[in-house]
Amino acid sequence: MITSYREITPELARRIRLVMTDVDGTLTDASDSISSVVSETVRRLEDSGVMVGLVSGRTLPGLESLASDLGISGPIIAENGGVAKLKVNGNLIAMGYSRKPALEALEKLRMMFPDAIKEREDNRYRMVDVVLWSHGVDVNELRRHLDDAELVDSGYILHLVQKGVSKGRTLNMLLRHIADGQLSPADVVVFGDSLTDLSLFEMFPHSVLIINPRHASEHMERLHNVCRYVSELSLGAGFTQVASHIMDVRINPEEKK
Ligand SMILES: [Mg+2]
């Protein structure tokens, strides 16, 4: 059951070795940018010995540039789990995923709903997923016509991706390459705000839902059912709130009891 982030105990906070965070709606603010306060929070996490990594639906080049700006040392997972690196400017990790199912699904949806489906420009930088908007056709109607691809709604854009590819699965596969394979899912805290983060919340026991007022209530309800902790503030301010709590109780466990 979901509880307040204040229930994160000093014992848990001291166990955390890696924070994996979504970007849009989790680190960003209402104007879709990352504030200096959030950047500072990320830096403080790294300074306190917690690796920070990004796990997002954004493209790999976009995420690597952001990761460099933030100065983080953890993994980078782009395209909602489709592509991954252990660190900025590192080698791509071979995940064995294909873009074919997403491209075939895009073609099919375009034929069926020519006026509704609009591709986004950054598809040319993508290796596994495909991003699109649907104007006037419901997402569930689109899903009825998919075979080997899934359609995921981030609340910002729709992603078509090969069935089975998810943020949670990819992060799980990466763990064996980090810290000599000594990290377990219980040493990780995952942060997210939308249904694209559901797999992270299901596969990692220490999960934090960041409130995003943009999402529909049934969307938030599904997330509430699987996530462990929730912020009080929304968007990037929520991330800072929860991360600051984790750092506070790591250092001063007695004061926060
Ligand atoms: Mg998000």
**Asked** Within the stretch 166-210, can you find the residues that are within 16 Å of ARG58 (Cα to Cα), open to solvent by 10 Å² or more (accessible area, probe 1.4 Å) and modelled with pLDDT of 95 or more?
**Response** SER166
**Message:** Residue under question is SER4, and the condition is that it be within 16 Å of the ligand (Cβ to nearest atom) and surrounded by fewer than 19 Cβ atoms within 10 Å (Cβ to Cβ); does it hold?
**Reply:** no
**Request:** Would you mind stating whether GLY236 is over 13 Å from the mean Cα position of the chain (by Cα) and within 16 Å of the ligand (Cβ to nearest atom)?
**Result:** yes
**Request:** Considering every residue within the stretch 76-87, establish whether at least one is at pLDDT 95 or above and in a loop (DSSP other than H, G, I, E, B).
**Result:** yes
**Message:** Being open to solvent by less than 10 Å² (accessible area, probe 1.4 Å) and either more than 15 Å from the ligand (Cβ to nearest atom) or out of contact with any Leu (no Cβ under 9 Å at 6 or more places or on another chain) (or both) is the filter here; which residues of the stretch 20-42 pass it?
**Reply:** THR41, VAL42
**Of the criteria (1) in contact (Cβ under 8 Å) with a residue 40 or more places away in the chain; (2) within 14 Å of the ligand (Cβ to nearest atom), which one ALA78 fails** = (1)
**Request:** Give the residues of the stretch 112-127 that are without any contact (Cβ under 8 Å) to a residue 24 or more places away in the chain and open to solvent by 70 Å² or more (accessible area, probe 1.4 Å), sorted by residue number.
**Result:** PRO114, ASP115, LYS118, GLU119, GLU121, ARG124
**Asked** Of these, ASP187, ASP193, which one is in contact (Cβ under 8 Å) with a residue 40 or more places away in the chain, within 16 Å of the ligand (Cβ to nearest atom) and of a type in the set (Asp, Glu)?
**Response** ASP193
**Message:** Checking the conditions here, which among LEU103, LEU109, LEU45 is in a helix (DSSP H, G or I), open to solvent by 70 Å² or more (accessible area, probe 1.4 Å), away from the ligand (no atom under 16 Å from the Cβ) and touching a residue at least 24 places away in the same chain (Cβ under 8 Å)?
**Reply:** LEU103
**Item:** Options SER56, SER68; residue that is more than 16 Å from the ligand (Cβ to nearest atom) and either surrounded by 15 or more Cβ atoms within 10 Å (Cβ to Cβ) or not charged (D, E, K, R) (or both)
**Value:** SER68
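The values are calculated or read from the model by the stated rules, or taken from the named source; none is laboratory data. Small disclaimer: the values here were computed from a predicted structure and weren't measured. Virtual Cβ from ideal backbone geometry, glycine too; neighbours counted across all protein chains shown. We work out accessible area using only protein heavy atoms, side chains counted, and drop any ligands, DNA or RNA first. Shrake-Rupley method; radii C 1.70, N 1.55, O 1.52, S 1.80 Å.
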